[in-house]
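The values are calculated or read from the model by the stated rules, or taken from the named source; none is laboratory data. The shown structure was predicted, so the numbers you read here are calculated from the model rather than taken from an experiment. Note that we place each Cβ from the backbone using ideal geometry, even for glycine, and neighbour counts take in every protein chain shown. Heavy atoms of the whole protein, side chains included, go into the accessibility calculation; ligands, DNA and RNA do not. Shrake-Rupley method; radii C 1.70, N 1.55, O 1.52, S 1.80 Å.
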Amino acid sequence: MAANSGKSFARRDRLLDIETKVRRWWEEKDVFRAEPLERAPEPGEKFFGNFPFPYMNGFLHLGHAFSLSKLEFAAAYHRLRGANVLLPFGFHCTGMPIKASADKLQREIKQFGDPPMFPKEAEKPVQSSQEAEDTNGSELPPDKFKGKKSKAASKSGGQMFQWEIMQSFGLSDSEISKFQNPYEWMKFFPPLAMEDLKAFGLGCDWRRSFVTTDMNPYFDSFVRWQMKKLRSMGKIVKDVRYTIYSPLDGQPCADHDRASGEGVQPQDYTIIKMEVLPPLPSKFLPLEGKKVFLGAATLRPETMFGQTNAWVLPDGKYGAFEINESDVFILTERAALNLSYQNFSRIPQKPSCLVELTGYDLIGLPLKAPLARNKVIYALPMLTILTDKGTGIVTSVPSDAPDDYMALRDLKAKPALRAKYGVKDEWVMPFEIEPIIEIPELGDKAAEKVCLELKIKSQNEKEKLAEAKRLTYLRGFTEGKMIVDGYKGMKVQEAKPLIRAKLIETGEAIVYSEPEKRVISRSGDECVVALTDQWYIIYGEQEWKKLAEECLSSMNLYSDETRHGFEHTLSWLNQWACSRSFGLGTRIPWDEEFLVESLSDSTIYMAYYTVAHLLHNEDMYGSNNSHPVRPEQITDEVWDFVICGGPYPRSSDIPSSMLDKMKQEFEYWYPFDLRVSGKDLIQNHLTFCIYNHTAILAKRHWPCGFRCNGHIMLNSEKMSKSTGNFRTLRQAIEEFSADATRFSLADAGDGVDDANFVFETANAAILRLTKEISWMEEVLAAESSLRTGPPSTYADQVFDNEINIAVRMTEQHYRNYMFREALKSGFYDLQAARDEYRFSCGSVGVNCDLIWRFMDVQTRLITPICPHYAEYVWRELLKKDGFVVNAGWPIADNPDLTLKAANKYLQDSIVTMRKLLQKQTSMPKKPDTKGAPEVEKGAKMTTQIEKKKKALVYVNEQFDGWKAECLRILQTKFDRDSGKFSPDGEIMDALRKSSVGQAANFKQTQKLCMPFLRFKKDEAIAIGIQALNLRLPFGEIAVLQENTDLIKRQLGLEEVEILSAADPEAKAKAGPQVSLLDSNPPSPGNPTAIFLDLVDLVTQIALEK
């Protein structure tokens, strides 16, 4: 349809025209304007929902729209049911991305001109700040280039110049140059985002919108107040801490400053100083007079007693780096760079390499290793060392490390391997396992025992060695006990910190940290871990953590997985660097050299929404001088009064009426009821939100609920700019319309797993919505011909009941924010019920009142998801007053579940009868035309064989005999509360003691009982004890008799007769086919039909000349 070229776009264009018209209606009446009542709201009377403001360095995309749709659907449901709804929306500009992109553009202009003249075969930048997507690429700083690519190839992937990215936004060359100024981005993208969201149909009070940073002085004052508040409470301190750091930006790189590696934390190691003993090889001459060490990074300093050697990667690249004036560490350049930012470099933040080396240069070096029982050990080759972890130097403890054990065993057992790397026997053969830890069941040589048990033959068996490590490492730490002098009998987990501290204290080791995984900053460089002196928020502090846990325990999180994610984050989250020196944002009030980082100015801003319109109404920048309150009037005392219940700010010159109005707005709307977000923000932003609310706001204002979702895929594949599987929100609306886009977003999924936006679903929605409009237009045009009067037929009752069910089920789904299920029950299922009703009515026709009720109810139920369509139907077709978006939830009687069950029985029975008819009916392959009149030459003959059928439908309304006895036994053995049965042994014992069990033919009957008992047990567990009733809750014969006309039309029958299988005279009507009844006897819920021919053969001959 819309997505496929060559097809008509008329249906989509009609939806787009409807959407434009409806938005004008909404804007004329300011439908989504949110005003508080003068009194406090009753529970459920108001709904305040919000969404993490998106970053404004590009267009909004379907990933934003997916998460936002969950809030939009929820708010629209609450508005529809009559709640007073506030849905505001802000625009985040704090932090690195905009500044990094502006700087990148500036560098390109400087290098290639303005407008730039890129080479035809340009060496493209590896990744733009907007394009970075994963940690597996080879990202480099933006002023470095790699790999020649054609321009077309580059444009098809993620490797584009910033200038080209700006062109893709629709900017001309003359406009792009202005974006070297980061504030131009803030002027350009937020208004476009607002346009797109309005086109999407977002039910937002746009008066309250704002941009972050000091560009909006009102919001700037709010953030400054918040930071001062936290500092006054002791929640912000200045300290020296290890943090992920961007060398290019010269500042810490928090989650939202990263192109990849979000959530990655510093990993602490201990670097063991393994002294290289003289004489030094000739290549090491530049190191004369220095103390030279192999710097081996380890996570297990307690095992150093068992060292037998050190490991190096033969082909690995190493260097001898000056750590200070006297010491040199041999390790990888990557490790040296990290150390240089941790005060371990002669030149701070710049590794000083005296000699470049390879692993071959290190093999055979004699070493003095701290704590080792062997006075001298040697550096030996290991082929599996990773140089992107640790230092590239590894200590060898074969008693407890399976990798070490197998590598040492290989060298001992394979002379050819020793010869290949020039390893002398005396470096290897004398060294045996040194037991240091006793582990229950594994002994004091755990690595050897596990490797032998797993039959590992070589250091190259990675999967087996990974399993060996799994079996030894955790048990060694949690259950192991030290057996070395000084620590004998001590648990490993107790000894580890003591041994580490002693090694550091004696100067035999240093503390080292690096990122757990690769992290790339928005500026494009690979991050390190730096020891920085800066401002930290002390998340994780015990008393504050208790408050956060208390808040979390009272919140509605809508899934166990989400709750577990928060609990896990609270268990590890610690001090957070909240200051930056580069980027955009609010200055730290007491230290204006620094900015507040992007995750620290966005923790309680939801409170700002409640008063934003009073400060800078409809001016997101707060730059209009006509506002009733000037920024400098918004003092800390004002914020304390409005947000924290502080004393009236008597020194303020803001009119008291305005102050009271601000406080009233905050008190009415807070706390917020729902915040919707992707689950990736649990580990930072959302948890920060909880912490900050508990610190600054009263308990009654703590958040009520978070709803987290997964990411969105497009057509079952990851959404990715580099592969082209990507849509901005604007593109989706242009391609499918807003309502079809919303429809597909609702259908994409509701859980925390990744959802799937399917283009075909959006295209199908275009067809469904426009066809539904056409159907309603046709029905309304023919209204005078519809059956009038109150609903009276069985079909009327069923359809009316289906509408009631749809109303109740859909309300439950919306309330639980399960929008895919709401779409199913409120649209798909309801339309199916309507189609079934139209067919069931037959010649009698549909009831006018019921069709009107259907159109009214369906329109309301789809309103949260497809509001433009619903508003158009409401006003233009149904001629209703007001707006459907706040028309009220439809009224419905309690569903009649018995009637629902009866109709399901009817429909299932028709399906069963159709199968029986196909089975019992056989048509001749060729028509028998013997004796037919001759046909003129050239004429066409049509022969139709038609056997008119009569159905005898036999019903058994109650179980009897052994089946009835089995059901009575199951009834006594079923626990209604738990929904479980007694053990099978008890059930069989009861069966043996029953009349069935006492019968002479029990063994034969038992073969029939067992599958019946199993079937009924499963059914009862699924639907409840009613599955064990001896008869259905409705009269089967009555239901079928009332619907004989429907059965005839469905099956193409001439006659239908409903009979009781218990009536001998009824059975006689089957004649010779009574055997079919005997072989397939009816039971409650399962009638049996026999089909008889009324006419044997009818032949029709048509002549056409």
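When the surface is traced with a 1.4 Å probe over the full set of protein chains, Tyr55 keeps roughly 50 Å² accessible.
Here the range 585-600 and the range 991-1057 have alpha carbon centers that stand 73 Å from each other. Among the trypsin sites (Lys or Arg not before Pro) in the range 970-1056, those placed in a DSSP loop whose Cβ has at most 15 other Cβ atoms within 10 Å are Arg976, Arg1031. Relative to the dominant Cα principal axis of the chain, helix 848-862 is inclined by about 0°. The residues of the range 547-702 expose, per residue, 36 Å² of accessible area to a 1.4 Å probe. Karplus-derived 3J(HN,Hα) values for the range 508-524, using 6.51 cos²θ - 1.76 cosθ + 1.60 with θ = phi - 60°, are 8, 7, 10, 7, 9, 9, 8, x, 4, 9, 5, 10, 10, 6, 4, 7, x Hz; glycine and proline are entered as x. Overall, the anisotropy analysis places the range 764-881 in the oblate class: the square-rooted eigenvalues a ≥ b ≥ c of its C-alpha gyration tensor yield a/c not less than 1.5, with a/b not exceeding b/c. Would the range 960-1063 count as rounded, prolate or oblate if I go by the C-alpha gyration tensor, calling it rounded below 1.5 in a/c and otherwise prolate when a/b exceeds b/c, oblate otherwise? Prolate is the answer for the range 960-1063, as a/c is 1.5 or above and a/b outweighs b/c. Here the chain exposes an accessible surface that is 50 percent carbon and sulfur, computed with a 1.4 Å probe and the other protein chains kept in place. Taking Cα atoms only, the orientation of helix 62-80 departs from the longest principal axis of the chain by about 50 degrees. Note the full-extension length gain between Thr1044 and Ser282 as 0.36 nm times their separation in residues minus their Cα-Cα distance, in nm to one decimal. Value of the extension gain: 263.9 nm. For the cross-link pairs Lys238/Lys502; Lys104/Lys546; Lys771/Lys900; Lys350/Lys488, the ones whose C-alpha atoms lie over 32 Å apart are Lys104/Lys546; Lys350/Lys488.
Taking a ≥ b ≥ c as the square roots of the eigenvalues of the Cα gyration tensor, the range 537-689 is classed as prolate, since a/c reaches at least 1.5 and a/b is larger than b/c.
At the residue level, Leu595 shows approximately 10 square angstrom of accessible surface with a 1.4 angstrom probe and all protein chains present.
Sorting Val394, Val528 on solvent-accessible area from highest to lowest, probe radius 1.4 Å, gives Val394, Val528. Between the Cα long axis of helix 97-112 and the first principal axis of the chain there is an angle of about 70°, rounded to the nearest 10. Computed on protein heavy atoms with a 1.4 Å probe, the accessible areas place Arg522, Arg820 in the order Arg820, Arg522, largest first. With both residues required to sit in the chain, DSSP beta bridges show an antiparallel share near 70%.
A Förster radius of 30 Å, combined with the Cβ-Cβ distance separating Ile891 from Asp17, puts the computed FRET efficiency at roughly 0.40.
Could you do me a favour and compute the accessible area per residue for the range 964-1027, 1.4 Å probe, result in Å²? Spelled out: the 1.4 Å probe surface of the range 964-1027, per residue, equals 63 Å². Bridging of Lys949 to lysines at a Cα separation below 25 Å is possible for Lys904, Lys915, Lys919, Lys925, Lys926, Lys930, Lys1048, Lys1067, Lys1069, once same-chain residues fewer than 8 apart are set aside. Here's how it looks for Arg707: its modeled amide H is under 5 Å from those of Arg675, Val676, Ser677, which are all 5 or more places away or on a different chain. Taking 0.36 nm per residue of sequence separation and removing the Cα-Cα distance, the Glu42/Trp25 pair yields an extension gain of 3.1 nm.
Helical runs assigned H by DSSP (4 residues or longer) give the chain a calculated mean residue ellipticity at 222 nm of -12500 deg cm²/dmol, each run adding -39500 (n - 2.57) before division by the residue total. Per-residue packing, averaged as other Cβ atoms within 10 Å, sorts the ranges 279-286, 734-741 into the order 734-741, 279-286, beginning with the highest.
Normalised by residue number, the volume inside the convex hull of the Cα atoms of the chain is 294 Å³ per residue. Working from label points 7 Å from Cα in the Cα-to-Cβ sense, the Ala698 to Asp908 distance is 5.7 nm. Residues Glu494, Glu965, Glu38, sorted by accessible area with the largest first, give Glu38, Glu494, Glu965 [1.4 Å probe; ligands and nucleic acids excluded]. Surface analysis of the range 173-246 yields an accessible area of 33 Å² per residue, using protein heavy atoms and a 1.4 Å probe.
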